[in-house]
Number of protein chains: 4
Amino acid sequence: MCINGGPPLNDDLQNLEQIEETAEQWTDKHWQILEAAVKVFSEKGFNASRTSEVAKEAGVSEGTVFNYFKTKKDLLKGMLIPLLLRFFRPWLLRGVEKIFNNRQGRPVEDVMTDLVRDRVHLAQANLPLIKAIASEAPFQPELFAPVREQILPQILEVATRFFQEEMEKGTFRTIDPLLAFRGLLSMLAGYVIMRNIAPEEFQLQEEEVEIRRLVDLYLHGLLPREES
Amino acid sequence: MCINGGPPLNDDLQNLEQIEETAEQWTDKHWQILEAAVKVFSEKGFNASRTSEVAKEAGVSEGTVFNYFKTKKDLLKGMLIPLLLRFFRPWLLRGVEKIFNNRQGRPVEDVMTDLVRDRVHLAQANLPLIKAIASEAPFQPELFAPVREQILPQILEVATRFFQEEMEKGTFRTIDPLLAFRGLLSMLAGYVIMRNIAPEEFQLQEEEVEIRRLVDLYLHGLLPREES
Amino acid sequence: MCINGGPPLNDDLQNLEQIEETAEQWTDKHWQILEAAVKVFSEKGFNASRTSEVAKEAGVSEGTVFNYFKTKKDLLKGMLIPLLLRFFRPWLLRGVEKIFNNRQGRPVEDVMTDLVRDRVHLAQANLPLIKAIASEAPFQPELFAPVREQILPQILEVATRFFQEEMEKGTFRTIDPLLAFRGLLSMLAGYVIMRNIAPEEFQLQEEEVEIRRLVDLYLHGLLPREES
Amino acid sequence: MCINGGPPLNDDLQNLEQIEETAEQWTDKHWQILEAAVKVFSEKGFNASRTSEVAKEAGVSEGTVFNYFKTKKDLLKGMLIPLLLRFFRPWLLRGVEKIFNNRQGRPVEDVMTDLVRDRVHLAQANLPLIKAIASEAPFQPELFAPVREQILPQILEVATRFFQEEMEKGTFRTIDPLLAFRGLLSMLAGYVIMRNIAPEEFQLQEEEVEIRRLVDLYLHGLLPREES
DNA sequence: GATGAATGAGTGTTCATTCAT
DNA sequence: GATGAATGAACACTCATTCAT
């Protein structure tokens with residue numbers, strides 16, 4: 001009859017524990033179908049995608065898709081699971097400290113570059129997933145409410161703590177840590193988006209160069225160094 | 001029988017002259033219907049929107065919608081016209097110089113703040129329009145190709161010229177002007193998006209404060225001022 | 001967009017006034033489609049019927065069916081309207097008295113025969129309608145609740161009044177008038193049903209003969225006349 | 001692989017011998033599944049019932065249902081077996097005579113009351129079975145053809161014989177024995193149906209009272225006794 | 001014998017588009 | 001020019017049935 005292994009997706013994305021639990025109960029078929037959905041949704045958008053195409057892409061029959069995900073919308077909802085796990089599990093588990101713990105002596109530019117490079121790579125590797133979700137998120141607020149209300153604050157808290165600590169140590173100048181985070185996030189996202197929309201028009205160089213430049217601008221600003 | 005006043009939209013968005021021409025040939029009904037479409041599309045997304053709802057919102061019959069815009073997609077295409085006109089006509093007509101011409105003596109922070117404020121206000125005022133277009137753009141590349149290929153380079157050129165001149169004058173330090181532009185654009189867009197997604201979670205202050213902080217971060221970077 | 005002239009069917013079948021109102025707001029298309037639905041539903045049963053077949057039978061497109069009746073179930077609900085109007089409007093409007101008013105001097109057998117004949121003819125003429133509704137009624141109690149709770153009591157009241165008056169006049173012997181009504185209704189329905197299921201097996205004669213026999217059995221019972 | 005114990009159901013319901021034979025070859029699982037089907041079908045109707053629900057109700061897997069009954073329709077067909085056995089085996093085996101043999105001296109009212117009470121109890125006890133079959137019978141004529149053509153005539157013959165004998169004995173007045181049977185059957189069925197549709201609206205009393213009244217009306221008719 | 005995952009034809013319903021009035 | 005009834009292709013989802021384990 002109905003398979004739909006794992007708990008229902010509704011309201012079960014409150015925190016990482018629940019998300020991991022759900023993910024563990026998923027079978028290979030779940031992942032196989034979800035990957036197909038990610039591919040199709042990211043290419044055509046949620047509404048323009050056809051469940052038949054997801055099925056074909058997954059190499060299963062249409063009925064099977066619905067055995068594993070009760071509705072088309074559940075496919076979208078399900079994508080939050082790998083997204084959150086891939087992007088936040090390491091961070092939230094280990095804290096960002098680990099990344100910065102062993103920066104002994106290394107210049108802050110290098111450390112920030114590592115950080116940005118990691119996120120850029122992650123975003124590039126998961127671009128379809130991000131595209132599928134991000135493009136539909138504005139129109140399904142109730143679907144993503146748990147993320148906004150539960151997960152986002154956790155992320156902000158980690159980020160804030162990181163910036164605050166560094167500011168106290170004097171690594172960064174003292175500004176609103178959330179502003180610092182938003183600024184970095186914006187530049188990072190802006191880079192990834194523009195890179196994928198119109199790399200030519202923006203005359204983007206190879207990734208490593210761009211990342212270094214981005215970090216440089218973020219850290220030093222546009223004004224001339226005053227010491228000179 | 002078919003009205004569809006003005007030239008067909010296809011391939012007629014190559015430059016501002018053509019766009020203005022098309023806009024002038026539009027009747028009030030065109031605008032009335034397009035505004036309705038903007039409202040509906042921005043709330044539900046292009047594919048989830050119903051032409052019937054656009055008609056109701058516009059206060060006309062469904063048939064009339066199709067008298068003015070041959071297809072649903074033409075409604076989307078048509079939105080590019082007010083978007084481009086509102087965002088770029090003043091810039092491209094007068095050049096950004098005008099904005100900076102009369103900055104005699106005013107500190108660069110203030111001038112940049114004016115610039116950012118202007119764009120933020122514009123974005124806020126046209127948020128539905130932006131949302132309607134931006135959310136569908138990734139899935140209709142051919143629809144937006146003329147913009148990317150014709151309009152975007154014009155914009156980039158103006159922006160580049162501005163940054164370059166200022167760099168030569170010493171107002172800004174010398175970096176890739178496109179990088180400078182992308183950085184500013186990213187921060188600007190990031191601010192507007194986050195403000196509209198989750199103002200609470202990001203603890204956003206009143207606009208003027210946020211804009212000043214944003215410009216400060218953009219201009220000075222995150223590192224402590226070295227002279228101190 | 002949506003036509004669906006007339007008020008929504010839900011909860012609007014409380015009394016004959018509302019039913020008549022709804023019926024008057026129906027267009028020819030409504031009736032055309034409903035007749036087709038009656039035909040199809042009565043032949044295959046509600047669930048086994050296909051809306052596509054209803055459309056074909058009505059000579060309209062499938063979309064048109066749903067313009068006039070929002071759902072397949074609404075087609076079923078809509079059938080109550082002609083059913084009730086055809087079976088009860090005359091009765092409830094004029095009272096059964098009219099039928100019996102002018103029976104001056106005529107033997108009660110003849111009057112009852114007229115009554116039964118009228119109902120049998122009506123039932124025969126509306127057999128598909130009855131079949132379509134009656135076969136689904138047991139499984140859609142909420143759909144027919146208004147009829148059971150509002151219309152049925154009205155009918156029972158009229159019937160009760162009729163039998164009671166005749167009993168007081170001495171035309172009938174004094175028994176529970178509802179029992180008398182149920183008995184007549186049962187025989188009438190039983191006759192119509194058996195006639196349509198297996199006329200051969202029940203060796204049914206021509207209608208007029210059967211009706212006279214039925215009335216005779218109903219009025220005199222199975223026991224021998226005691227006077228003899 | 002396929003079990004489907006017992007002979008195929010098609011065309012094997014010609015007479016009671018074959019039916020009994022089939023019933024004897026059925027295992028407990030057959031009965032278990034069939035009872036579940038009766039429950040589900042009687043609640044939702046044949047077409048609206050899901051084989052998955054039958055399986056769940058029977059406490060077996062969906063596959064098992066189809067091991068015992070090749071198709072969903074076979075479940076319906078199979079229901080004829082308990083129906084016919086329960087309703088007609090005793091009658092046909094022993095003849096109705098047995099019931100009437102020992103009526104020595106008892107008034108005919110009492111004897112008829114016994115008869116009616118027996119049938120009413122039987123119907124009440126098997127209501128789901130009757131409902132499941134009766135509601136689908138009009139739309140599956142070929143399924144029930146053997147019953148109509150083979151079993152029904154046998155029943156009618158027994159009934160006819162009974163009424164005829166009693167008429168010859170003078171217990172009943174002489175009318176068409178089939179009419180007498182149809183009249184009784186109608187009243188009986190009408191009572192059971194109305195009792196289960198709307199006992200309140202019909203103001204039904206306790207069963208024993210209703211049965212006595214029903215028999216009284218059937219035997220004496222509605223007219224006043226002429227001897228008084 | 002029992003299972004239940006996989007199947008895919010089939011369904012009610014939607015909605016962009018047309019066109020007669 | 002404006003209307004809105006009619007259209008029918010298309011889609012999400014269902015479910016009886018199969019069959020490998």
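The values are calculated or read from the model by the stated rules, or taken from the named source; none is laboratory data. Remember, predicted model here, so these are calculated numbers, not experimental data. FYI the Cβ positions are ideal-geometry reconstructions off the backbone, even for glycines, and counts take in every protein chain you see.
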* **Those helices (runs of 4 or more DSSP H) lying entirely in the range C:25-77 with at least 3 residues more than 11 Å from DNA strand E (Cβ to nearest atom) and free of Cβ contacts under 8 Å to residues at least 60 places away in the same chain** => C:28-44, C:51-58
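With the structure loaded, tell me whether A:L204 is modelled with pLDDT under 90, more than 8 Å from every other protein chain (Cβ to nearest Cβ) and within 26 Å of B:F181 (Cβ to Cβ) or whether it fails that test.
Details: modelled with pLDDT under 90: yes; more than 8 Å from every other protein chain (Cβ to nearest Cβ): yes; within 26 Å of B:F181 (Cβ to Cβ): yes.
Yes: the conditions hold for A:L204.
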* Asked: Inside the range A:102-113, can you point out the residues that are closer than 22 Å to A:R195 by Cβ and surrounded by 16 or more Cβ atoms within 10 Å (Cβ to Cβ)?
  -> A:M112, A:T113
* Answer with yes or no whether B:A159 is of a type in the set (A, V, I, L, M) and loosely packed, with under 14 Cβ neighbours inside 10 Å. => no
* To do: List the number of the failed condition for C:I193; all other conditions in (1) facing another protein chain (nearest Cβ under 10 Å); (2) touching a residue at least 24 places away in the same chain (Cβ under 8 Å) hold.
  => (2)
* Structure fact -> Taking the range A:135-145 and keeping only residues that are without any contact (Cβ under 8 Å) to a residue 60 or more places away in the chain and either facing chain B (nearest Cβ under 9 Å) or of a type in the set (V, I, T) (or both), one is left with A:A137, A:P138, A:F139
* To do: Tell me, please, whether a residue that is touching a residue at least 60 places away in the same chain (Cβ under 8 Å) and surrounded by fewer than 18 Cβ atoms within 10 Å (Cβ to Cβ) can be found in the range B:176-190.
  => no
* Asked: Quick check: anything in the range B:171-179 acidic (D, E) and over 29 Å from B:E35 (Cα atoms)?
  -> yes
* To do: Spot the failing condition for D:P153; the list is (1) more than 19 Å from D:L80 (Cβ to Cβ); (2) at the interface with chain C (Cβ under 7 Å from one of its Cβ atoms); (3) surrounded by fewer than 18 Cβ atoms within 10 Å (Cβ to Cβ), and only one is missed.
  => (1)
* Asked: Any residue at all in the range C:133-155 that is within 15 Å of D:E201 (Cα to Cα) and among the charged types (D, E, K, R)?
  -> yes
